[in-house]
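All remarks here apply to the structure that follows.
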Amino acid sequence: MRATRLISLPLAVVTISMMSHSIAAQQIKPLKSSMNDRVVATPPDSAGIHEIVPEKYEERYAEWKTEFLSTDIGRAQWEMYAHHPRLALTITISDHNPNGAGSGKYKWNDRGELIAATITLGSRVDQGFPSSVYYPVMNALEPFEARKLIGGKVLAATKLAHEFGHVMKISGTRQELYELQVQLVPVYNKIFLSNGHDVDDPRLVELAKKMGGNPVELWEDREYWGEANAMLFLKDRVEKEKFHCRLFARIKQAVEEYAKNYEERFAEIAKEQGAVYTCGWR
Ligand SMILES: [Zn+2]
């Protein structure tokens, strides 16, 4: 199953995902970079949040941000980064990958603390649902949007929450480990492509051990942290909506089907949210 999945995931993406974590709409698409270098050549380095939004996107960005900030969790996370003692978090909009979003441009200081990160939202991030395989939370919104129970703004804010999840996770990742992964994933992929896709190759086993997992495992772990934060946001956002248990049921189904090893991570959130009692999430 691992091997199958490893083959089915475009290797280019696995490689690139080490540099910037990207949500691509509908499916995971290879992206050269999710950053719009023309817009943010050098992100500001003073601590706090820097919003660098082209004028033509200001209005829609303001709506997405308002949606994110309409929840307790969104406000709390925003405040944390707005008043962060070290981290310069840049948020920008790019039309490079309109339905996607990504985070990257990470920098650490000498003490190994994260001091810079950039979140890039696609200019039409309020449209497009990524696959349920790696994005069980965002994907679960699709039928509710189709029936106009939620709007595109909620989808955009959920994608922003997903990216916040990446930034929070990377803040707790050692720089050496991150850089080691960036360095070794292409090495792993090269061997994997040349050895008949044999994940039991001792060289690959050794590399995976060093990196803390094979490229797909690293990818999954990272994306499911993004999704866990997206779920936290949605909990607040839909808690008073009649359909909230149906939404949770869809997330649960996708997690059971594709993310069995990570079920605990999502179950913990469901538990905190009381969904265990109100929606029957065990
Ligand atoms: Zn992601």
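Looking only at helices (runs of 4 or more DSSP H) that fall completely inside the stretch 177-281, which ones have 1 or more residues that are in contact with a Gly (Cβ under 7 Å, 6 or more places away or on another chain) and modelled with pLDDT under 95?
Correct list: 215-238.
Across the stretch 88-105, which residue is most open to solvent (accessible area, probe 1.4 Å) among those that are touching a Phe, Trp or Tyr at 6+ places or on another chain (Cβ under 9 Å) and more than 13 Å from F164 (Cα to Cα)?
Looking at residues that are touching a Phe, Trp or Tyr at 6+ places or on another chain (Cβ under 9 Å) and more than 13 Å from F164 (Cα to Cα), I get D95.
Name the residues in the stretch 138-176 that are open to solvent by 10 Å² or more (accessible area, probe 1.4 Å) and within 13 Å of the ligand (Cβ to nearest atom), would you?
N139, M168, K169
What are the residue pairs meeting all of these: first residue in the stretch 153-170, first residue touching a residue at least 40 places away in the same chain (Cβ under 8 Å), second residue open to solvent by 10 Å² or more (accessible area, probe 1.4 Å) and near the ligand (Cβ under 9 Å from one of its atoms), Cβ atoms under 8 Å, and 6 or more apart or on different chains?
Sorted first by the residue in the stretch 153-170, then by its partner, the pairs are G165/W225; H166/R222; H166/W225; M168/W225; K169/R222; K169/W225.
Inside the stretch 177-216, can you point out the residues that are touching a residue at least 12 places away in the same chain (Cβ under 8 Å) and either of a type in the set (V, I, T) or within 16 Å of the ligand (Cβ to nearest atom) (or both)?
Y178, Q181, V182, V185, V187, I191, V199, P215, V216, listed by residue number.
The values are calculated or read from the model by the stated rules, or taken from the named source; none is laboratory data. Given the structure is predicted, the values throughout are model-derived calculations rather than measurements. Heads up, the Cβs are rebuilt from the backbone with ideal geometry, glycines too, and the neighbour counts pull from every protein chain shown. Just so you know, the surface numbers come from the protein's heavy atoms only, side chains and all, with ligands and any DNA or RNA stripped out. Shrake-Rupley method; radii C 1.70, N 1.55, O 1.52, S 1.80 Å.
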